[in-house]
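Please read the structure below before turning to the comments.
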Amino acid sequence: MLEDVLAIPDQLRDALWRVETARLEPAAAAGVLVCGMGGSAIGADLAASALGERCTRPILTVRDYALPVWATPEWLVLCSSYSGDTEETLACFAASEALGARRVVASTGGALTEQARAAGVPVIGLPGILQPRAAVAYMFTVAAEAAALAGAAPGIRTEIDAAAAQLEQARDGLRERAAEIAAELGRSVPVVYGADLTVSVARRWKTQINENAKSMAFFSVLPEADHNEIAGWPAAEGADFAAVFLADADQHPRERRRIELTAGAVESDGATVVRVESEGATRTARVLWTLMLGDLVSLELAAAAGVDPVPVEAIEDLKRQLGGS
């Protein structure tokens, strides 16, 4: 898992190549619906964060068995399933066919790829050597490229390539910072706060700690948390909670001020507080830098707890009980 995280720069470049070789045709759409679950879905959230206000049409993630009831044939539907056998994504693939929407698939194989090939739907083939959650660089790039092809946002290929170079140079520093953060968090239950660009990254930190460290973690969003959740922190005094605040230079000045004040309030309630400032010249670079840091933190926590980050037995057991894949 550590090798896979450290290889994110190479994966970003490979993802750009794989999208190019799929030879997708540009076609304007009302927006992009990205259907996926877990690690196959988060890439779309991260791409939308990187694009920010440059999006001219919606880029929405669908984590469900059905498309939104308001969806029309004018939308582009990107079905992302690393395994190709995610039952929710397969259901959305069928629903998008019934809707008559244009479809694109990103997968390593499975039933989704088989059905796409049979229906003449373009498939962006992914390397089948990763854990699904470790394919985030591929899912991020595919979603960003799909948005550009649909006319929902400008292309950011240059930014992705530049971000890959930055992450290569930052590897050692990121590992050191991740070790520091993991030591600060210890065995506490972290609540990861994001605002604007870092909301999707906060979700990624949470899910990676869940899956890699086999530990509880939560994420929350500012400024909304200041209208409810902040009132609960005094009751957490003495409990084993910690707060991580992901700040970014592009955040609204009032959001940055809220991060400062909220962190201070949580700290005064006796909880551990970790502050992270994203790094990078572009939104894309900062999203990916903060993402890679969070992935490394989750692995440091796993190592400290003596946990193997690879297997996710609870998830696989539930799938078996469902009778799905």
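Quick look at the numbers
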{"quantity": "Residue in the stretch 199-211 that is closer than 23 Å to residue 107 by Cα, polar (S, T, N, Q) and surrounded by fewer than 18 Cβ atoms within 10 Å (Cβ to Cβ) present", "calculated": "no"}
{"quantity": "Residue under evaluation residue 307, criteria (1) in a helix (DSSP H, G or I); (2) among the aliphatic types (A, V, I, L, M); (3) open to solvent by 40 Å² or more (accessible area, probe 1.4 Å), criterion not met", "calculated": "(1)"}
{"quantity": "In the stretch 43-58, the residues that are open to solvent by 10 Å² or more (accessible area, probe 1.4 Å) and either among the small types (Gly, Ala, Ser) or part of a helix (DSSP H, G or I) (or both)", "calculated": "45, 48, 49, 52, 53, 54"}
{"quantity": "Filter result (free of Cβ contacts under 8 Å to residues at least 60 places away in the same chain, within 24 Å of residue 297 (Cβ to Cβ) and within 25 Å of the chain's Cα centre (by Cα)) within the stretch 231-254", "calculated": "241, 242, 243, 245, 246, 247, 248, 249, 251"}
{"quantity": "Any hit, the stretch 18-39, residues being of a type in the set (Lys, Arg) and either within 20 Å of residue 289 (Cα to Cα) or in contact with an Asp or Glu (Cβ under 9 Å, 6 or more places away or on another chain) (or both)", "calculated": "no"}
{"quantity": "Verdict on residue 81 being open to solvent by less than 10 Å² (accessible area, probe 1.4 Å), of a type in the set (S, T, N, Q) and in contact with a helix residue (DSSP H, G or I) (Cβ under 7 Å, 6 or more places away or on another chain)", "calculated": "yes"}
{"quantity": "Qualifying positions in the stretch 310-325 - among the β-branched types (Val, Ile, Thr) and either part of a helix (DSSP H, G or I) or in contact with a strand residue (DSSP E or B) (Cβ under 6 Å, 6 or more places away or on another chain) (or both)", "calculated": "315"}
{"quantity": "Answer residue from the stretch 151-177, given it is small (Gly, Ala, Ser) and part of a helix (DSSP H, G or I) and is most open to solvent (accessible area, probe 1.4 Å) among those", "calculated": "162"}
{"quantity": "Single residue of the stretch 231-261 satisfying the filter (at pLDDT 95 or above and among the acidic types (Asp, Glu)) that is most open to solvent (accessible area, probe 1.4 Å)", "calculated": "260"}
{"quantity": "Only listed residue being over 18 Å from the mean Cα position of the chain (by Cα) and not basic (Lys, Arg), chosen from 160, 181", "calculated": "181"}
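The values are calculated or read from the model by the stated rules, or taken from the named source; none is laboratory data. The structure presented is a predicted model; accordingly, all values stated were derived computationally and were not measured. Quick reminder, even Gly has a Cβ in these numbers, built from the backbone with ideal geometry, and neighbours come from all protein chains shown. Each accessible area value is taken on the protein alone, full model and side chains, heavy atoms only, with ligands, DNA and RNA left out. Shrake-Rupley method; radii C 1.70, N 1.55, O 1.52, S 1.80 Å.
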